[in-house]
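Undergrad: Before anything else, here's the structure in question.
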Amino acid sequence: MTLRIQWILLAWLAVWFPGCDSSGDWTYCDRAFWIRRDDHGDVYVYAHTLDNGLLIPPQFYPPPEEVLTHARFFELLGKVTQYNFEKTLDQHTSIRHEVAEPFVYPEFLEFLRIKKFECGSPWTQTEESQVTRMVLSHFYAEVEGMKGLTNWVNPLTSFCTWKGIHCDSQWKFQELKLTHLSLKGTLPTELGLIPSLPVLNLSGNQLHGTIPAALLSNIQHLDLSGNQFTSIAWEKSQINTHGSKEPVIEYLDVSVNHLSGSLPTRWNSQLANLRILDVSRNAFNGSITSLANGDLPSLEMLFLGANLFTGTLPTFTGSSLRLLDVGLNLLTGTIPAPLPTSLEAVILADNDLEGEKTLDLFLPLSRLEVLQLQNNHLRGSIPASAPWSELGTLSFRNNEFTGPIPPRFLQTVQHTMQSLDVAFNRLTGILAPDVGLLKRMRTIDAAVNRLRGTLPNEMLGLEPNLRLNFSDNNLIGTVPHLFCGYGTANMLYREFGCDAVLCRAGTFNPHGHATLHSACRPCPDGNPIIGRTNCENVKFVHGDLNGDGILSAREVLRMVYIDLMGRFWGKNFQQWADMSIHECNLMGITCNDDGQITKIDLSAATICSDGDGRPGPVHYCNGLPGEIGTLSHLEEFSAKSSPFLRGTLPPELGNLEKLQILDLAGPNAISGLIPPELGNLTMLHSLDLSNTRLRGRMPTELFTITSLKRLQLNNNKLTGTIPSSLGDLSILQTVLLSRNRLNGTIPSEISGATNLENFEAYANSLSGSIPTEIGMCTKLKRIDLFSNKLEGTISSELGNAPWLQIIHLKKNQLTGTIPSSLGNLEYLSWLDASDNILIGTIHPSFAEIRVLRDLRLGGNRIYDPIPPELCRSAILNGGAAKRFGCDAILCPLGTYAHDGLATNDIGCKPCPEGKTTMYLGSNRCIQLSEKDILSIFFEVMNGNEWPDEAKKNWGDHSVNLCEWGGITCDENGEVKSLSFPTLGAVHAS
């Protein structure tokens, strides 16, 4: 690897030399460079302690009598650097025209390490700028995606003007920020050599590999979040460009990567000033106890969430932590005491913690603002005397807390509390009127507890948009109208009013309140409880909007509208939200004379969009609802070309017994398996699931649908084999299986698909031979098996398909000759069998096909003659024959081209001296050996038909030529004579 650097940089290195002493003919400069002649007389310049140097060509040798001065030394060094730059430039042709700065070898970078990190000399600002520029140029060369930053490494501009770089008023480097640019590659260690780099932010890219230790010792603020790093070098770096051992880094964010392994048992002393550490959303495992051993005394914020940490929570004695986040891990045991009184935010959610009187442990934390304990096994009650006057968020959802919500607690947090989530516990008592003091409250969720009484009238003083959830308690009465959304544009409140908060007495919903999908259904048992989630002996119907327990077609369409984010489909579809409009009057809906839906066409809707041409939030796009399977008269459903559509295919689609067309072609993000229930669609004649993210095997049930005419499953991630039952579909016309991960063979039973016109299975891993039975598909017009692993010969039976227009067999391992029967296909317009192992000539019958426009046979073992009529064709291969003659069919011997033929853009190129080609239509040149030449002769002479003794060892390049059948050599191993079955002996001259 070489580094790009301005060779003029070397001129200012002279300031580092305390002096030079003469030593013979050459001068040695202490702790810097020396010049030395090697055993062969070549002269090199070396950096201190290095084994490799830069070659000094003879034309730059100083006279032996000359004593080198500093000026003369660096004049020489500049010339040497430029020479080495020119010598290696050809190795970097990809960036030759983009960067005007020369290259030098890594030894110069190593010298910088030695001089500045071993001797500890202070930097000057000029030196800082030069080294910074050198390292940034190296970064530019090493990281993929930087080439789009056109002003980078421009030798005529200051790096302070380069995109993503910020300098202060004195033009001193302050920040490198290149976020969300799809940068790829590994992170060069040399970034740690920048003398002063306060901020490095490369978040939101695709960088991978190891995070170098050098960055942890030299950068104050390091943000590498949202990349693909797999490891981090926590050990102490040997690089410290500041010439001191004082720790530098204060902020480190490596969240949202692919980091794994355990944390260090002892922490690098260069991290002693670290205030903020974020390793969340990775795959770290093991214990976190080392974080409390005192190695990181300055730590204030610690983010460890969403990893795989195990063990217990350590005691952070003497810590100055303000934030502790260990949520979504695998921690066990109890919460230790005492906790640091400096804590302002504690997130212990989603672990396996347990313990009694949990909240009492946090009473000493008077500065507490956020406390999240949800989804553990914690017990206790809410302490009335809690001093949390700054608490804004409290969540202990899904634990085992008991007791009431004390009025005094509500009084303490009245000015700060915004979110209270205590759902799924065993809280009891009456909700105190003091809840009306929480003027800043945005969310209260106390669902699934044992609270009783009514919602106090004092709540009328709260924020009208407050999100309330008191479902599945023992509350009675009504919901204050303030929270029922009257006058709001929100669809849920507009349609259901107070039921959107809590189902009124005498009704229920599994959620305890109405949703956009379903209303509260009547429950006739006379129970006065509000917010009920069940009703004995009454079945709840998902999607039921009027509470009658029956799912109508209009309600199903409403579910489709909600689950596919219909709000953003476009103005022509907005009536879908209005339940007063009959389904047959909606955009995209077709009904029969009886008012039953027969067709749904959503191809014009911007499904699952945010309204601005971008994908909507994942949790709002739920995919097709299974209830669509209740539309028993549906004959056609289309949501094709909806790029943001996601979810899985509901098995209930198999209930649509009258469905004839199902078109969900992408590109889209539909994933999962193809439901075998689709095999129940006995009237289906067109199934298009192409360009999605479906995976798994093709269900054999699909190949029992005898009505099927079109099957399009191309561009997915399907695996497995092509079922032999394909041959049972006698009226099938089109099968598109390309660009999947299919393997196995093409079943011979394909002959039963006698109406097959188009069979495409290219870009898979199919093996075996092309079955001869495919010739029985006499209506075949196109067969495309490009880029597979097919072997054997091209079936001559393809000539029995008189309507065949396109044959695409490129990039397989086919052998044998090109069947002459294909020349009888009068409608054949495209034949591509290039890049196989075909042998022989092009049959003259191909010249009789008047519609033949593309003939691609390069990369095989074809030899003369080429039918002359092809070489005069005005339409074949873009009409290139008018300019290049037979070269437009196949490049002649001794020439080559990328596709093995001349095009209108470029002709066949002659091989370099000493190389040639073995066959017509070659795409590369080679050096031919005697074995190569004789192998060609063997093929041309149909050697496979020779007697066994005559063809012994022929073509086996691992066997000595003298042991090939019929070859006689002299005592020196030179070929003396050749004897062939039909020619007798031929003596070698």
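Undergrad: Please go through segment 441-491 and pick out each residue that is polar (S, T, N, Q), within 44 Å of the chain's Cα centre (by Cα) and open to solvent by 20 Å² or more (accessible area, probe 1.4 Å).
TA: Within segment 441-491, 443, 465, 469, 488, 490 qualify.
Undergrad: Can you tell me which residues in segment 126-154 are modelled with pLDDT under 80, surrounded by fewer than 19 Cβ atoms within 10 Å (Cβ to Cβ) and over 16 Å from residue 175 (Cβ atoms)?
TA: 126, 147, 148, 150, 151, 154
Undergrad: In segment 566-582, what residues are part of a loop (DSSP other than H, G, I, E, B) and more than 34 Å from the chain's Cα centre (by Cα)?
TA: Answer for segment 566-582, where residues must be part of a loop (DSSP other than H, G, I, E, B) and more than 34 Å from the chain's Cα centre (by Cα): 578, 579, 580, 581, 582.
Quick grid of which residues meet (1) open to solvent by less than 50 Å² (accessible area, probe 1.4 Å); (2) modelled with pLDDT of 95 or more:
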site: 370; (1), (2): yes, yes
site: 375; (1), (2): no, yes
site: 384; (1), (2): yes, no
site: 389; (1), (2): no, no
site: 401; (1), (2): yes, yes
site: 410; (1), (2): yes, no
site: 427; (1), (2): yes, yes
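Undergrad: Another question, if that's okay. Could you check, for segment 823-833, whether at least one of its residues is free of Cβ contacts under 8 Å to residues at least 12 places away in the same chain and either over 30 Å from residue 954 (Cβ atoms) or not in a loop (DSSP other than H, G, I, E, B) (or both)?
TA: The answer is no, given that none of the residues of segment 823-833 is free of Cβ contacts under 8 Å to residues at least 12 places away in the same chain and either over 30 Å from residue 954 (Cβ atoms) or not in a loop (DSSP other than H, G, I, E, B) (or both).
Undergrad: Here's something else I'd like to know. Across segment 565-589, which residue is farthest from residue 515 (Cα to Cα) among those that are touching a residue at least 40 places away in the same chain (Cβ under 8 Å) and open to solvent by 40 Å² or more (accessible area, probe 1.4 Å)?
TA: That would be 568.
Undergrad: Okay, next question. Having 1 or more residues that are among the charged types (D, E, K, R) is the bar; report the strands (runs of 3 or more DSSP E) wholly within segment 179-283 that clear it.
TA: 184-186, 219-223, 251-253, 276-278
Undergrad: Filter segment 963-981 down to residues that are open to solvent by less than 50 Å² (accessible area, probe 1.4 Å) and over 14 Å from residue 934 (Cα atoms) and give me whichever is modelled with the highest pLDDT.
TA: We begin by selecting, within segment 963-981, every residue open to solvent by less than 50 Å² (accessible area, probe 1.4 Å); these are 964-967, 969, 973, 975, 977-978, 980.
Narrowing further to those that are over 14 Å from residue 934 (Cα atoms): 969, 973.
Working: 969: 87, 973: 79.
Among those that are open to solvent by less than 50 Å² (accessible area, probe 1.4 Å) and over 14 Å from residue 934 (Cα atoms), it is 969.
Undergrad: Same structure again: What's the total number of residues in segment 341-357 that are surrounded by 19 or more Cβ atoms within 10 Å (Cβ to Cβ) and under 14 Å from residue 313 (Cα atoms)?
TA: 7
Undergrad: Is it true that some residue in segment 731-738 is in contact with a Ser or Thr (Cβ under 9 Å, 6 or more places away or on another chain) and farther than 26 Å from residue 695 by Cα?
TA: Yes, segment 731-738 has at least one match.
Undergrad: Open to solvent by less than 70 Å² (accessible area, probe 1.4 Å) and either at positive phi or touching a Leu at 6+ places or on another chain (Cβ under 8 Å) (or both): is that true of residue 363 in this structure?
TA: no
Undergrad: Can you tell me which residues in segment 863-884 are in a loop (DSSP other than H, G, I, E, B) and open to solvent by less than 50 Å² (accessible area, probe 1.4 Å)? Walk me through it before giving the result.
TA: Start the filter on segment 863-884 by keeping residues that are in a loop (DSSP other than H, G, I, E, B), which leaves 863-867, 872-875, 880.
Of everything in segment 863-884, those that are in a loop (DSSP other than H, G, I, E, B) and open to solvent by less than 50 Å² (accessible area, probe 1.4 Å) turn out to be 866, 867, 873, 880.
Undergrad: Quickly run through segment 825-834 and pick out the residues that are of a type in the set (Asp, Glu) and open to solvent by 50 Å² or more (accessible area, probe 1.4 Å). Step through it out loud before you land on a result.
TA: Step one: of segment 825-834, the residues of a type in the set (Asp, Glu) are 826, 832.
Matches in segment 825-834: 826 only.
Undergrad: For segment 889-897, indicate whether the set of residues that are surrounded by 15 or more Cβ atoms within 10 Å (Cβ to Cβ), over 22 Å from residue 847 (Cβ atoms) and at pLDDT below 90 is non-empty.
TA: no
Undergrad: Given (1) open to solvent by 40 Å² or more (accessible area, probe 1.4 Å); (2) assigned to a loop (DSSP other than H, G, I, E, B); (3) outside the structural domain of residue 595 (by the TED database), identify the lone condition not met by residue 518.
TA: Tallying (1) open to solvent by 40 Å² or more (accessible area, probe 1.4 Å); (2) assigned to a loop (DSSP other than H, G, I, E, B); (3) outside the structural domain of residue 595 (by the TED database), residue 518 fails exactly one: (1).
Undergrad: Has segment 834-845 got any residue that is touching a residue at least 24 places away in the same chain (Cβ under 8 Å), closer than 20 Å to residue 780 by Cβ and not assigned by the TED database to the domain that holds residue 786?
TA: Yes, that holds for at least one residue.
Undergrad: Could you check how many residues of segment 379-396 are more than 22 Å from residue 472 (Cβ to Cβ) and not in a loop (DSSP other than H, G, I, E, B)?
TA: Adding up the residues that qualify gives 1.
Undergrad: Hey, could you check segment 300-353 for residues that are in a loop (DSSP other than H, G, I, E, B) and among the charged types (D, E, K, R) and say which is nearest to residue 365 (Cα to Cα)?
TA: 344
Undergrad: Would you confirm, using the coordinates I've provided, whether residue 904 is in contact with a Gly (Cβ under 6 Å, 6 or more places away or on another chain), open to solvent by 70 Å² or more (accessible area, probe 1.4 Å) and within 30 Å of residue 831 (Cα to Cα)? Even if it seems obvious, please write down each step before you answer.
TA: Values: in contact with a Gly (Cβ under 6 Å, 6 or more places away or on another chain): yes; open to solvent by 70 Å² or more (accessible area, probe 1.4 Å): yes; within 30 Å of residue 831 (Cα to Cα): yes.
Answer is yes for this residue.
Undergrad: For segment 537-562, name all the residues that are in a helix (DSSP H, G or I) and either open to solvent by 10 Å² or more (accessible area, probe 1.4 Å) or touching a Ser or Thr at 6+ places or on another chain (Cβ under 8 Å) (or both).
TA: 553, 554, 556, 562
Undergrad: Of the numbered conditions (1) surrounded by 15 or more Cβ atoms within 10 Å (Cβ to Cβ); (2) part of a loop (DSSP other than H, G, I, E, B), residue 613 satisfies every one except a single condition; which is it?
TA: (1)
Undergrad: Moving to a separate point now. Can residue 622 be described as within 28 Å of the chain's Cα centre (by Cα), open to solvent by less than 70 Å² (accessible area, probe 1.4 Å) and either in the same structural domain as residue 784 (by the TED database) or in contact (Cβ under 8 Å) with a residue 24 or more places away in the chain (or both)?
TA: No: the conditions fail for residue 622.
Undergrad: Which residue is surrounded by the fewest Cβ atoms within 10 Å (Cβ to Cβ), if the candidates are limited to segment 738-766 and must be more than 24 Å from residue 829 (Cα to Cα) and in contact with a strand residue (DSSP E or B) (Cβ under 7 Å, 6 or more places away or on another chain)?
TA: This residue is 741.
Undergrad: Then there is this: List the strands (runs of 3 or more DSSP E) inside segment 651-734, counting only whole elements, that have at least 1 residues being out of contact with any Leu (no Cβ under 9 Å at 6 or more places or on another chain) and surrounded by fewer than 19 Cβ atoms within 10 Å (Cβ to Cβ).
TA: Working: elements: 661-663, 669-672, 686-688, 693-697, 710-712, 717-719.
The strands (runs of 3 or more DSSP E) meeting that bar are 693-697.
Undergrad: So in segment 835-846, with the set limited to residues that are part of a loop (DSSP other than H, G, I, E, B) and open to solvent by 40 Å² or more (accessible area, probe 1.4 Å), which one is nearest to residue 921 (Cα to Cα)? Reasoning before the result, please.
TA: Taking segment 835-846 as the starting set, the residues that turn out to be part of a loop (DSSP other than H, G, I, E, B) are 835-838, 841-843.
From the residues that got through so far, the ones that are open to solvent by 40 Å² or more (accessible area, probe 1.4 Å) too are 835, 837, 841, 843.
Working: 835: 10, 837: 12, 841: 12, 843: 16 Å.
Among residues in segment 835-846 that are part of a loop (DSSP other than H, G, I, E, B) and open to solvent by 40 Å² or more (accessible area, probe 1.4 Å), the one nearest to residue 921 (Cα to Cα) is 835.
Undergrad: Now for a separate question. State whether one or more residues within segment 495-509 are in contact (Cβ under 8 Å) with a residue 24 or more places away in the chain, touching a Lys or Arg at 6+ places or on another chain (Cβ under 8 Å), assigned by the TED database to the domain that holds residue 538 and in a loop (DSSP other than H, G, I, E, B).
TA: The answer is yes; a qualifying residue exists.
The values are calculated or read from the model by the stated rules, or taken from the named source; none is laboratory data. Since the structure is predicted, the reported quantities are computational estimates derived from the model, not experimental observations. Cβ atoms come from the backbone with ideal geometry, glycine included; neighbour counts cover every protein chain shown. Remember, those area values only see protein heavy atoms, side chains included, never the ligands or the DNA or RNA. Shrake-Rupley method; radii C 1.70, N 1.55, O 1.52, S 1.80 Å.
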